[in-house]
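Once you've had a glance at the structure underneath, I'll fire off some questions.
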Amino acid sequence: MIKRLIFTAITLLVSLSSMAKSMVEIWSSIPDSVIPYIDRTHRLEMTDFIKMGLKGDVNHSLGGKSEMDTITADYIHLTLNESVTMELKRLPREGEDSLLCVVTTWKGPAEESNVKFFTQEWQSIIVPKAFEGGDYYELASRLTQRPDIMSKARYDELCAMIDPVMLSAKLSIADNVLHVKLSLPLLKADDQRKLSSVMNPIDLHWDGRGFNTK
């Protein structure tokens, strides 16, 4: 009985310690495998500069600059280089410690994002059926919608123009929402205008188990 109480107390303390981590601590402990060209010293400089009201940019090991422009109690946004941005969001998890959602977005020729999950100790984890009960890329079928006045043949013709299929995602600073839309990298402006009539960006709300529409 005593051993069980001790185990419960230790588990609770570990859980509380994990929950109490600041975003500065989480950011400073990010492993090189996630961001290989910004070392810990420069990561800390970024947050220190922002605290002082300065621009949170540093020189990285590839010869360019990285800049953190936003840090809150549960969110970080930074530009890794001219072509890549990264967002970190701490999300509550039902029955477990909070996890980290990391969205990395490449900007050219159009935005393409991937979404990964980590523990607060930066161990990669898989959240089953995290996006509307499925995989992230399965959201693509939800990102177009046929208007009532459009024929199915015309809708299918327009959707066939979406190649390759690329998803762009952004985390909300204010709440636990993931905005997802399709990117159209290889289409001319006129074709993009035609496709705008069927584009259906969605907002997914984190419910403690995954991102879902309300």
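Give region 37-66 a look and list any residue that's acidic (Asp, Glu) and open to solvent by less than 60 Å² (accessible area, probe 1.4 Å), or say none.
57
Okay, moving on. Taking the criterion of being within 15 Å of residue 89 (Cα to Cα) and open to solvent by 50 Å² or more (accessible area, probe 1.4 Å), would at least one residue in region 129-144 satisfy it?
No, that holds for no residue.
Listed here are the residues, each with its yes/no results for (1) among the aromatic types (Phe, Trp, Tyr); (2) in contact with a strand residue (DSSP E or B) (Cβ under 7 Å, 6 or more places away or on another chain); (3) open to solvent by less than 30 Å² (accessible area, probe 1.4 Å).
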position: 97; (1), (2), (3): no, no, no
position: 100; (1), (2), (3): no, yes, yes
position: 112; (1), (2), (3): no, yes, no
position: 116; (1), (2), (3): no, yes, no
position: 148; (1), (2), (3): no, no, no
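Please count how many residues of region 177-193 are basic (Lys, Arg) and either in contact with a strand residue (DSSP E or B) (Cβ under 6 Å, 6 or more places away or on another chain) or assigned to a strand (DSSP E or B) (or both).
Filtering region 177-193 down to residues basic (Lys, Arg) leaves 181, 188, 193.
Still in the list and also either in contact with a strand residue (DSSP E or B) (Cβ under 6 Å, 6 or more places away or on another chain) or assigned to a strand (DSSP E or B) (or both): 181.
Adding up the residues that qualify gives 1.
Give me a count of the residues in region 117-135 that are among the acidic types (Asp, Glu) and within 15 Å of the chain's Cα centre (by Cα).
Residues of region 117-135 among the acidic types (Asp, Glu): 121, 132, 135.
When the remaining residues are screened for being within 15 Å of the chain's Cα centre (by Cα), the result is 135.
The qualifying residues number 1.
If you don't mind, there's one more thing I want to ask. Can you say whether residue 152 is more than 18 Å from the chain's Cα centre (by Cα), of a type in the set (Lys, Arg), at pLDDT below 95 and over 18 Å from residue 94 (Cα atoms), as far as the supplied structure shows?
Working: more than 18 Å from the chain's Cα centre (by Cα): yes; of a type in the set (Lys, Arg): yes; at pLDDT below 95: no; over 18 Å from residue 94 (Cα atoms): yes.
Spelling it out, it is not the case that residue 152 is more than 18 Å from the chain's Cα centre (by Cα), of a type in the set (Lys, Arg), at pLDDT below 95 and over 18 Å from residue 94 (Cα atoms).
For region 163-176, name all the residues that are crowded, with 17+ Cβ neighbours inside 10 Å and either of a type in the set (A, V, I, L, M) or not in a loop (DSSP other than H, G, I, E, B) (or both). Full working, then the answer.
Restricting attention to region 163-176, the residues satisfying the condition of being crowded, with 17+ Cβ neighbours inside 10 Å are 166-171, 176.
Of everything in region 163-176, those that are crowded, with 17+ Cβ neighbours inside 10 Å and either of a type in the set (A, V, I, L, M) or not in a loop (DSSP other than H, G, I, E, B) (or both) turn out to be 166, 167, 168, 169, 170, 171.
Right, next: What are the residues in region 13-36 that are modelled with pLDDT of 50 or more and not aliphatic (A, V, I, L, M), if any? Reasoning before the result, please.
Initially, region 13-36 is screened for residues modelled with pLDDT of 50 or more, giving 19-36.
If the condition is that a residue be modelled with pLDDT of 50 or more and not aliphatic (A, V, I, L, M), then 21, 22, 25, 27, 28, 29, 31, 32, 33, 36 are the ones that fit.
Same structure, new question: Can you tell me which residue among 98, 141, 151 is touching a residue at least 24 places away in the same chain (Cβ under 8 Å) and not charged (D, E, K, R)?
98
If you go through region 48-59 one residue at a time, how many are assigned to a helix (DSSP H, G or I), modelled with pLDDT under 90 and more than 15 Å from residue 79 (Cβ to Cβ)?
Counting residues in region 48-59 that are assigned to a helix (DSSP H, G or I), modelled with pLDDT under 90 and more than 15 Å from residue 79 (Cβ to Cβ) gives 1.
Scan region 111-125 and report the pairs whose first residue is more than 18 Å from residue 138 (Cα to Cα) and whose second residue is at pLDDT 95 or above and part of a loop (DSSP other than H, G, I, E, B), with Cβ atoms within less than 9 Å and a gap of 6+ or a chain change.
125/119
Given the residues 62, 78, which is the only one that is assigned to a loop (DSSP other than H, G, I, E, B), touching a residue at least 24 places away in the same chain (Cβ under 8 Å) and either polar (S, T, N, Q) or under 18 Å from residue 36 (Cβ atoms) (or both)?
So the residue among 62, 78 that is assigned to a loop (DSSP other than H, G, I, E, B), touching a residue at least 24 places away in the same chain (Cβ under 8 Å) and either polar (S, T, N, Q) or under 18 Å from residue 36 (Cβ atoms) (or both) is 62.
The values are calculated or read from the model by the stated rules, or taken from the named source; none is laboratory data. Note that the structure is predicted; figures quoted are calculated from it, not measured. Positions of Cβ are backbone-derived with ideal geometry, glycine not excepted, and every protein chain shown enters the neighbour counts. Areas reflect the complete protein model, heavy atoms only, side chains present, ligands, DNA and RNA absent. Shrake-Rupley method; radii C 1.70, N 1.55, O 1.52, S 1.80 Å.
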